[in-house]
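Notes follow once the structure below has been shown.
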Amino acid sequence: MNGFIAFMEKHFIPYAAKIGGQRHLVAIRDGFITTMPLMILGSFAVLINNFPVDAYINFMNNLFGEGKWQAFGGNIWNGTFAILGLLVAFTVAYNLAKSYDKDALSSGVISVATFFTIGAIAPDDKGIPATGGLGSVGLFLALIVALLTAEIFTRLSGNKHLIIKMPDGVPPAVARSFAALFPAMITVSIFALITALFQAAGITNLVNEFYKLVQEPFMGLANSWGVALLLAFISAFLWFFGLHGANIIDPFMQTINAPAITANQEALQAGKEIPYIVNKPFFDSFVNMGGTGATLGLIIAIFIVARRHKAYMTVSKLSAAPGIFNINEPMMFGLPIVLNPIMFIPYILTPMVMVTIAYFATKWGLVPAATLITPWTTPPIIGGALATQSWAGGVLAAINLAISVIIYLPFAKMAQIQELRRENEAA
C-alpha cells in the first residue's frame, strides 16, 4: 500500500492537481456556484407547488382557488430555472475573463449578447418565438458560448490596435465601454456569421438542434449506474490524496445536474415518470453523508469501537458537528484520512456501495427520484426526504448511513489497534 501511495503521489497527483486548477474548469465551477442560490430557490418553489400530500393540495385549492395559488411558485420558476442557460452564459464568461485579469463585466455582457445571437430565443416549427433555450435546454450551448466568447474577447482586448483610448478626464465606466467596443463587435459578429451559415443550411433553431444531438444523449449516458459509480470513485480517490475531488468533478456534475433536475421537475409537474436518477441531489442526499466518502459513518464507527484511543475520540468529537452538515475537512486532515493506508479501502468502497443501493432503490421504484435541490449542508436523512419529497428518501438515507457505519467499523477498530501498538512500542 505504501508503494502504491508513493507511485500515485509521483505520477498521478501532480496532473490531477493541474486539472483541478485548470482555469476553464474553475470558471465553470464558479459560474454554477454563483447560480446555486437561485437553483435552490427554484427547487423550493417546485416543492411548494407539488408537495406530495393530497390534504395540502386540497386545502390550497379551497383557500385560493384551483391552481391560482401556484402562480407564486411559477413566478419564482420563471426567474430561476427558466433562465438558467442565460445566467450561466454570463457567470462563466465573467469568471473566465476575471481569471485572465481582463474586463470581466464586459465579457459576461458580450457572452449574453452572443447567446441571443445564436438563437437563445428562436422561432419554433410554427414560427412562434420559443424561450426554452434560455433555460436548461440551452445550458450546454450557453456554456460553450461563454467559454468561446470569453476567450475571443480577452484576446482581442489585448490587441492595442483595437482599443479606443479616451482622455484622462473621462469616467472609468465610459472609458471601459469604449475600450471594449471593437472587440465586442468582432466577437458578436463571428457568432452571428456562424449562426447565419447554419440557418442557410436549414437549421433554424440551433439551440434545439444542439440539445437533441448532443445534450440529451449525454444526459442519458450520464444517467447510468456505471457513471454514478465512476463519479463516486473519482471524487473519493482524489480526496484520499488531499485533492478536493468534489471541486474537480463539479463542472461535469453541474452540466448534467441542472438539466436533469429541470427535466425531473417538469415531469413531476406534468404527472409523468421522472426520467433522471443520477444528479447532484442524488449524491448529496444518499452518498456524501458527512462529506465525500460518507465520513459521518466513520465518526459513528469510531464512537462505537475506538473509544480507547483518546486522539481518535478527540478528532471525532470535534468533527461530529461539522459532519452533520456534510463538512468533513476536520476528519480528512485531522484523523487523518488523507494518505492513511488503513482508510483507503473503506473510504473508496463506501460511497460506491451507497451509490449502488440508492441507484437501484430508485430504479426499482422503492424511492422517488430526486427532484429538489437542497443546500449541500442539509443534514443526512432530512436531505433525502426533501430531495425526493418523500419519507422513503429519508429511510433510504438512514439505511445508507447505517451501511457506511458497518463498512467502516472493522477498519476503525484496526486503526485503533495499530495506533495503540505504536504508542506502546514508543513507550
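The values are calculated or read from the model by the stated rules, or taken from the named source; none is laboratory data. Bear in mind the structure is a predicted one, so any value in this text is a computation, not a measurement. Using ideal geometry, Cβ is built from the backbone for each residue, glycine included, and neighbour counts are taken over all protein chains shown. With ligands, DNA and RNA removed, areas are computed over all heavy atoms of the protein, side chains included. Shrake-Rupley method; radii C 1.70, N 1.55, O 1.52, S 1.80 Å.
Among the listed values (1) 24.8, 84; (2) 31.9, 104; (3) 22.8, 67, the one computed from these coordinates for Rg and Dmax of the Cα atoms in Å is (1). For a modelled paramagnetic label at Ile324, 7 Å from Cα along Cα-to-Cβ, the residues of the stretch 358-399 in reach, with backbone nitrogen under 15 Å, are 377-383. At a probe radius of 1.4 angstrom, the accessible area of the stretch 99-205 per residue rounds to 53 square angstrom.
Since only Leu420, Val214, Phe59 are under comparison, the one whose Cα sits farthest along the positive direction of the charge dipole of the chain, derived from C-beta charges on Lys, Arg, Asp and Glu, is Leu420.
Pairs of Cα atoms under 8 Å, at least six residues apart: use those to get the relative contact order of the stretch 31-130, whole percent. It comes to 26 percent, rounded to a whole number. Here the calculated FRET efficiency for Gln269 and Phe333, from their Cβ-Cβ distance with R0 = 45 Å, stands at 0.55, rounded to the nearest 0.05. Can you find, among Ile342, Leu268, Ile399, the residue sitting farthest towards the positive end of the charge dipole of the chain, where Lys and Arg contribute +1 and Asp and Glu -1 at Cβ? Working it through, the farthest residue towards the positive pole turns out to be Ile342. Over the stretch 361-427, what percent of the accessible surface lies on carbon and sulfur atoms, probe 1.4 Å? Ligands and nucleic acids excluded, carbon and sulfur give 69 percent. Using a basic spin-label model with each label point 7 Å from the Cα along Cα→Cβ, how many nm lie between Phe218 and Phe72? Taking the two extended label points, one gets 3.7 nm.
Straightening the chain between Phe182 and Val227 buys 11.8 nm, computed as 0.36 nm per residue apart minus the Cα-Cα spacing.
When the chain is treated as a GNM with alpha-carbon contacts under 10 Å, the residue of Asn62, Asn264, Asn279 showing the greatest mean-square fluctuation is Asn62. Rounded to the nearest 500, the 222 nm mean residue ellipticity of the chain from helices alone is -23000 deg cm²/dmol, with -39,500 (n - 2.57) taken per DSSP H run of at least 4 residues. Projecting the Cα atoms of Ala93, Gly73, Ala179 onto the charge dipole of the stretch 56-210, computed from C-beta unit charges around the Cα centre, puts Ala179 farthest toward the positive end.
Estimated at the nearest 10 Å², the accessible area of Met332 is 0 Å² with a 1.4 Å probe.
The stretch between Phe64 and Ala175 holds 34.7 nm of extra length on full extension. This uses 0.36 nm per residue minus the Cα-Cα distance. Lys68 contributes about 150 Å² of solvent-accessible surface, heavy atoms of the protein only, 1.4 Å probe. Residues considered: Glu151, Glu209, Glu66. Largest GNM mean-square fluctuation over the chain, using C-alpha springs under 10 Å, is found at Glu66.
Quick one: ranking Arg307, Arg421 by accessible area, 1.4 Å probe, largest first, what do you get?
Arg307, Arg421
Summarising the amide proton neighbourhood of Ala130: residues at separation of 5 or more, or on other chains, whose placed amide H is nearer than 5 Å comprise Ala122, Asp124. Membrane-span-like helices in the chain, defined purely by DSSP H runs whose alpha carbon atoms cover 18 Å or more axially and whose average Kyte-Doolittle hydropathy reaches 0.5, are 23-49, 84-99, 104-117, 139-157, 181-200, 225-240, 341-363, 391-426. Counting protein heavy atoms only, the stretch 177-297 has 69 percent of its accessible area on carbon and sulfur, 1.4 angstrom probe.
Rounded to the nearest 20 debye, what is the charge dipole size of the chain about its Cα centre when +1 sits on each Lys and Arg Cβ and -1 on each Asp and Glu Cβ? It would help to have the intermediate numbers written out before the result.
Working: 23 positive and 20 negative charges, 169 e Å.
Computed about the Cα centre, the dipole is about 820 debye.
Across Glu216, Glu273, Glu329, mean-square fluctuation computed from a Gaussian network of the chain (C-alpha pairs under 10 Å connected) peaks at Glu273. Accessible surface area normalised per residue over the stretch 210-290 is 35 Å², counting heavy atoms of protein chains with a 1.4 Å rolling probe.
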